[in-house]
1. Does the stretch 200-212 hold any residues that are under 16 Å from the mean Cα position of the chain (by Cα) and either among the basic types (Lys, Arg) or buried (at least 18 other Cβ atoms within 10 Å of the Cβ) (or both), and which are they?
2. Pairs, please: C-beta under 9 Å, at least 6 apart or cross-chain, first residue of a type in the set (Gly, Ala, Ser) and in the stretch 263-275, second assigned to a helix (DSSP H, G or I)?
3. Determine which single condition Ala307 fails, assuming it passes every other condition in (1) under 22 Å from the mean Cα position of the chain (by Cα); (2) modelled with pLDDT under 65.
4. Within the stretch 167-174, is even one residue within 30 Å of Thr264 (Cβ to Cβ), touching a residue at least 24 places away in the same chain (Cβ under 8 Å) and small (Gly, Ala, Ser)?
5. Across the stretch 74-124, which residue is surrounded by the fewest Cβ atoms within 10 Å (Cβ to Cβ) among those that are assigned to a helix (DSSP H, G or I) and among the charged types (D, E, K, R)?
6. Note down all Cβ pairs under 8 Å where the first residue falls in the stretch 43-66 and is in the same structural domain as Ala33 (by TED's automatic domain parsing) and touching a residue at least 60 places away in the same chain (Cβ under 8 Å), the second is assigned to a loop (DSSP other than H, G, I, E, B) and not hydroxyl-bearing (Ser, Thr, Tyr), and they're at least six residues apart or on different chains.
7. Out of all the residues in the stretch 7-46, which are part of a helix (DSSP H, G or I) and at pLDDT below 90?
Amino acid sequence: MNLIVPNGSTVLAPPDSMHLASHWTGGTGEALAYIGIPLILLSLWTFLRWRRDRWLRVVGCGTAAALVWSLGPYLHIDGAIHPLLALPGRLFAYVPGLASLIPSRFALFIDLGLAAVIAVFADRIVLQGRWRTRVAGGASVLLVCAALAPNMPISAWSGAVPEYFLSGGDVARLPAGTTALVVPFGAYSELTMGPLLWQAQSGFRLRMVSAAIYAGGPDGMSTGLPSVIQFDEQHAFSIPSSALSALSGATAASPPSNGEELTTLACVMDALESQLPTTPCGTDIIQASRSDMRALDVAVIILGPMAYGTEPALQRPMEDFLSQLAGAPPHVDQGVMVWSHLG
């Protein structure tokens with residue numbers, strides 16, 4: 001129903017559409033498939049009108065396949081999952097690397113296919129048809145646009161990357177493959193997204209001990225996992241089995257665990273970034289966290305801007321803790337704080 005019922009992101013959303021969408025599995029954050037009745041009718045007419053066009057057939061069939069896959073592995077009706085009514089998306093559970101897909105993200109490919117179909121309509125009707133056909137075709141395109149007109153303003157933010165991680169930055173002074181504790185740590189929050197972008201911008205020069213890991217659950221929602229990563233003697237990483245087991249109901253292959261999950265370090269980081277008044281992570285957290293870092297062969301600590309999007313965190317408590325952890329104060333380098341001599 002998300003194909004024809006807007007969830008409040010469009011101007012012409014009926015008052016009851018948000019109430020209806022609130023009952024869907026996955027929540028409104030994953031309700032990405034709205035395209036509207038005008039676009040559906042126009043796309044079907046275009047496909048049937050030029051169904052002998054091989055290129056259009058490929059695009060149409062690919063779009064239809066993305067639509068079916070976007071429905072997930074099981075049929076969902078009125079917010080209820082029916083596990084006995086399997087859909088073609090269930091086949092992805094048996095394909096390595098695809099078991100934890102978030103089905104609603106296939107809506108992006110639906111949009112891509114429909115954009116190509118509308119381009120064919122605009123080219124052959126609006127631009128090349130007779131004047132009456134052009135007027136009717138132009139009016140149809142305007143109707144499609146009106147049904148998709150978004151609510152304004154659209155919220156957005158930019159992901160700034162400290163100069164330290166950019167090309168020519170001082171991250172190049174570290175040996176390639178250096179294992180680093182990069183903060184924000186973000187064990188259970190979107191704060192981790194920032195460091196992932198920084199790592200990519202640095203050409204993956206560093207190995208990070210935390211990462212944001214999201215997988216699709218059976219209800220269609222994206223589910224986050226604890227972010228501590230482990231390394232073996234060859235510096236290959238794995239995710240602790242205990243962390244994977246936290247993803248209740250999701251189908252994911254569990255890689256082998258190479259030791260205990262670093263609960264103290266993750267606990268302290270989560271408490272500081274969540275701005276808890278106390279740190280419920282046991283006693284002697286400094287020594288325990290140091291042991292965790294030695295197990296990962298952490299050679300450097302890097303503290304960047306403590307914010308991502310709308311989720312800021314206090315930086316001074318984290319700076320104080322990391323200084324105690326390293327046994328020395330940091331040096332400021334191109335927008336980040338660096339502890340390169342760990343005690």
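The values are calculated or read from the model by the stated rules, or taken from the named source; none is laboratory data. Model, not experiment: these values are computed from the prediction. All Cβ positions, glycine included, derive from the backbone under ideal geometry; neighbour counts span all protein chains shown.
1. Just the residues of the stretch 200-212 that are under 16 Å from the mean Cα position of the chain (by Cα), to begin with: 200, 210-212.
Once the filter is applied, which keeps residues that are under 16 Å from the mean Cα position of the chain (by Cα) and either among the basic types (Lys, Arg) or buried (at least 18 other Cβ atoms within 10 Å of the Cβ) (or both), the stretch 200-212 yields Ser210, Ala211, Ala212.
2. Between residues of the stretch 263-275 that are of a type in the set (Gly, Ala, Ser) and residues that are assigned to a helix (DSSP H, G or I), the close pairs are Ala266/Asp292.
3. (2)
4. Checking the stretch 167-174: not a single residue is within 30 Å of Thr264 (Cβ to Cβ), touching a residue at least 24 places away in the same chain (Cβ under 8 Å) and small (Gly, Ala, Ser).
5. From the stretch 74-124, those assigned to a helix (DSSP H, G or I) are 88-94, 103-124; that's our starting set.
With the extra rule that they be among the charged types (D, E, K, R), the set shrinks to 90, 105, 111, 123-124.
Numbers: Arg90: 14, Arg105: 15, Asp111: 17, Asp123: 11, Arg124: 16.
If we take residues in the stretch 74-124 being assigned to a helix (DSSP H, G or I) and among the charged types (D, E, K, R), then Asp123 is surrounded by the fewest Cβ atoms within 10 Å (Cβ to Cβ).
6. Close Cβ pairs satisfying both conditions: Leu56/Trp50.
7. Quick first cut of the stretch 7-46, residues part of a helix (DSSP H, G or I) only: 17-21, 28-30, 37-46.
Once the filter is applied, which keeps residues that are part of a helix (DSSP H, G or I) and at pLDDT below 90, the stretch 7-46 yields Ser17, Met18, His19, Leu20, Ala21, Thr28, Gly29, Glu30.
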